[in-house]
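> This is the structure, below, for whatever I ask next.
The values are calculated or read from the model by the stated rules, or taken from the named source; none is laboratory data. Just so it is clear, the structure is predicted and the values come from calculations on it, not from any experiment. When we count neighbours, we look across all protein chains shown, and the Cβ atoms used for this are built from the backbone with ideal geometry, even at glycine. These area figures cover heavy atoms from the full protein model, side chains too; ligands, DNA and RNA do not enter into them. Shrake-Rupley method; radii C 1.70, N 1.55, O 1.52, S 1.80 Å.
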Amino acid sequence: MSNAADIVKAVGGAGNIQGLTHCATRLRFQLVDASKVDATTVDKIPGVMGSVPQSGERFQVIIGGAVQTVFNEINALPEMNESKQLSDAELKAQARSGGVRGKSAFIDNAFEFLSDSFRPILGSLLGASLFITFMSLMATLGVIGNWASPDTELSASWQFMNLLWQSVFVFLPLMVAYNASKKVGADPWVGFAIMALLMLPGFSGLGAHKDAYEMNLFGFTVKMIDIFGVPLTLQNYSSQVFPPLIMALVLGALYKGLKKIIPANLQLIFVPFLAMLVMLPLTAFLIGPIGVYAGAGLAGLLQSINEFNAVIFAIAIPLAYPFMVPLGLHWPLNAIMLANISTYGYDFIQGPMGAWNFACFGATAGVLYLAWRDRDTTMRQTASGALAAGLLGGISEPSLYGIHLRYKRVYPRMLAGCFIGGLIMGLGGGVTINGFVFTSLITIPAFNNVPLYASGIAAAFFTAMLLIIFTDYRTPEQREEIRARVAAEEAAANGAEAPAAAAAPVAAKAEAPVAAAAPAAAAAPAAVATATAVAEVPADAASNWVAGLGGADNIASVDAVAETRVRVQVKDATLVDSDALAASGVQGVASLGGGIWHLVVGLNADAHAAELKAAAGL
């Protein structure tokens with residue numbers, strides 16, 4: 001057992017750990033119950049210099065200079081990474097395991113690296129995109145000139161407004177460097193500092209030095225200057241994302257190598273120093289320029305495809321995105337969008353991408369309409385939240401993971417919307433944008449050809465929405481199950497909310513049982529609510545249900561899957577008698593195929609499931 005595992009066991013096990021952080025020398029545990037810690041055992045573990053019990057269920061373990069290593073080892077333990085049973089995360093993992101991701105550890109790690117480098121900064125990118133939209137709207141209304149053109153002179157006030165979005169995009173390489181370095185296990189602030197060298201005014205100011213000269217490299221005219229006889233390429237690294245990504249990959253490998261040869265107690269000082277000693281000049285002379293040229297090359301490739309046939313390009317992008325996003329394959333395209341803006345001053349991918357987003361949101365709107373019509377409160381809440389996130393924020397994940405991937409009939413209808421929207425944009429010559437935005441209703445004015453873009457996304461939205469409304473997103477079995485559940489929930493709600501005066505007839509029908517139960521009710525009033533909730537189910541219901549399901553020998557398993565439903569797996573579905581089940585108090589019966597049946601039994605489905613199990617001898 002490793003020292004990390006010994007520490008986790010001594011503080012009460014992984015289940016007792018709510019949170020774990022560290023400072024320069026100590027592990028800081030936030031525990032569920034600090035009384036479970038065996039401090040004596042902790043102090044005896046090799047590598048532990050001592051322990052510090054604290055108030056508020058907190059406990060600190062003193063490690064010294066190797067604290068980062070021990071911290072990483074603890075987080076890598078299997079018991080520290082048990083599934084939290086988040087349904088959307090499980091769905092995402094299932095979707096990704098069916099594609100290129102999940103097949104190769106290298107590919108999976110590569111896309112996780114890209115996604116984790118960008119995901120933490122999506123909030124700031126979203127905020128900046130709204131500032132870009134505001135500037136575009138002001139230019140469209142004629143309040144200011146073309147804010148994206150360097151030849152346009154703005155007043156001091158509008159120049160300041162134009163700086164608001166630049167605060168994110170100019171320093172985007174630093175944000176990416178921090179996240180990417182953290183992902184590969186290096187000190188994120190070291191990665192930040194390395195990339196900051198290329199962002200310094202003094203670095204770009206070398207281009208004005210008398211010894212600077214121009215040179216043509218890969219079709220680009222660049223400024224260069226010799227540093228100790230070695231030519232240094234001077235680039236504008238604002239908004240660049242490929243240089244920090246490549247830098248972080250090299251830094252991560254270097255960090256791992258240095259930690260292998262430097263003693264643990266000296267790593268805090270010498271690993272960052274030696275890493276910076278190597279990476280600062282390497283990034284300035286080699287990695288930075290390579291990253292710029294790599295980004296420009298990828299951008300040029302897509303630009304050539306777009307110029308060859310804008311219609312094919314505008315259709316291919318929205319049709320590809322619904323499959324790329326669940327697999328996490330869309331992150332490279334986001335990087336290329338930013339490279340386009342840095343290279344050309346505009347991007348041509350985000351317009352067609354809008355067709356996919358609005359087809360996605362249109363499908364969600366169709367689901368919301370059907371949920372409202374069928375009084376399905378659960379789906380109505382899911383769809384309304386997903387639609388708001390999409391239309392206002394341009395975020396597709398709530399729709400995708402909350403609805404679309406759960407119902408197979410959604411995708412074909414959504415793809416039809418993607419095709420129509422992309423076709424309209426392509427026939428119109430394509431849509432460009434001068435900044436990076438999230439494609440939502442709010443950011444429509446940011447696009448250069450607003451009428452064409454608006455027509456494309458409107459067609460995508462309404463095509464997907466109407467197809468969902470008229471052809472449904474559910475199979476007949478799913479629709480029957482939902483309607484039965486809704487009917488049961490409404491019946492239970494109506495019974496629970498009935499006024500006291502209306503309860504007299506019910507009391508008359510069950511006068512003897514109520515009278516017999518009076519002493520118990522006086523002692524435990526809560527029992528009255530339970531009796532009312534299940535009053536419609538006969539006392540011998542479980543045995544009747546077993547008979548309706550084909551007998552005890554035909555029942556393989558019984559589980560409560562919701563507050564009102566019981567899931568039954570039968571061996572032979574032909575033996576199930578739906579009419580007999582309905583006559584014995586089951587409020588709804590739905591066959592889901594494969595011998596799986598859902599019985600809508602009203603409230604307290606878990607209690608009914610237990611009774612059914614007992615009656616079936618399970």
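> Net charge near Leu618: determine it from the other residues with C-beta under 12 Å of the C-beta of Leu618, scoring Lys and Arg +1 and Asp and Glu -1. Each step should come with its number before you reach the end.
Working: positive: Lys613; negative: Asp553, Asp559, Glu611.
Around Leu618, the charge tally is -2.
> Using only the C-alpha atoms of the range 401-487, find the volume of their convex hull and express it per residue in Å³.
On the way: hull volume 10.0 nm³, N = 87.
Once divided by residue count, the hull of the range 401-487 is 115 Å³.
> Please report the carbon-and-sulfur percent of the accessible area for the range 222-359; probe 1.4 Å, protein heavy atoms only, DNA, RNA and ligands left out. Could you put the intermediate results ahead of the total?
On the way: 4060 of 5390 Å².
Carbon and sulfur: 75 percent of the exposed surface of the range 222-359.
> If you stretched the chain out fully between Val230 and Ser578, how much longer would it get, using 0.36 nm times the residue separation minus the C-alpha to C-alpha distance?
116.9 nm
> Now a separate question. Compute the whole-percent fraction of alpha carbon pairs in the range 281-336 spaced more than 17 Å apart. Write down the numbers at each step before the final one.
Working: 820 of 1540 pairs.
For the range 281-336, the share of Cα pairs beyond 17 Å comes to 53 percent.
> Now for a separate question. Take the cross-link list Lys44/Lys259; Lys183/Lys408; Lys9/Lys260; Lys223/Lys259; Lys44/Lys256; Lys9/Lys182 and give me the ones stretching past 32 Å between alpha-carbons.
Values: Lys44/Lys259 25 Å; Lys183/Lys408 34 Å; Lys9/Lys260 26 Å; Lys223/Lys259 37 Å; Lys44/Lys256 28 Å; Lys9/Lys182 27 Å.
Over 32 Å Cα-Cα: Lys183/Lys408; Lys223/Lys259.
> Using θ = phi - 60° and the Karplus form 6.51 cos²θ - 1.76 cosθ + 1.60, what ³J(HN,Hα) does each residue of the range 240-249 get, whole Hz, x for Gly and Pro?
Each residue's phi maps through the Karplus curve to give 6, 10, 6, x, x, 5, 5, 4, 5, 4 Hz.
> Using the heavy atoms of the protein chains and a 1.4 angstrom probe, tell me the accessible area per residue for the range 109-187 in square angstrom.
48 Å²
> Let me ask something else. Please state the shape class of the range 277-413: rounded when a/c is under 1.5, otherwise prolate if a/b exceeds b/c and oblate if not, all from the C-alpha gyration tensor.
Values: a/c = 3.31, a/b = 2.07, b/c = 1.60.
Prolate, because a/c is 1.5 or more and a/b exceeds b/c.
> R0 = 45 Å: FRET efficiency of Asn146 with Phe323, Cβ-based, nearest 0.05? The partial results should precede the final answer.
Working: r = 37 Å, r/R0 = 0.81.
That gives a FRET efficiency of 0.80.
> Is the C-alpha gyration tensor of the range 105-261 telling us rounded, prolate or oblate? Criteria: a/c under 1.5 is rounded; beyond that, a/b larger than b/c is prolate, otherwise oblate. If you can, show how the numbers build up before the last one.
Details: a/c = 2.49, a/b = 1.29, b/c = 1.94.
Here the range 105-261 falls in the oblate category.
> While we're here: When Lys and Arg each count +1 and Asp and Glu each count -1, what net charge do the other residues less than 15 Å away from Cys360, Cβ to Cβ, add up to? Write down the numbers at each step before the final one.
On the way: positive: Arg406, Arg409, Arg413; negative: Glu397.
It works out to a net charge of +2.
> Here's something else I'd like to know. Simple spin-label model, 7 Å along Cα-to-Cβ: Ile121 to Arg58 in nm?
Once both label points are built, they end up 3.1 nm from each other.
> Rounded to the nearest angstrom and ordered from largest down, what semi-axes does the equivalent ellipsoid of the range 190-303 get from its C-alpha gyration tensor (root of 5λ)? Please list the in-between numbers first.
Values: eigenvalues 164, 63, 24 Å².
The answer is 29, 18, 11 Å, longest axis first.
> Provide the net charge surrounding Pro476, with neighbours chosen by a C-beta distance below 13 Å and charges set as Lys +1, Arg +1, Asp -1, Glu -1. Spell out each step's value before the answer.
Numbers: positive: Arg409, Arg474, Arg479, Arg483; negative: Asp472, Glu477, Glu480, Glu481.
Local net charge: 0.
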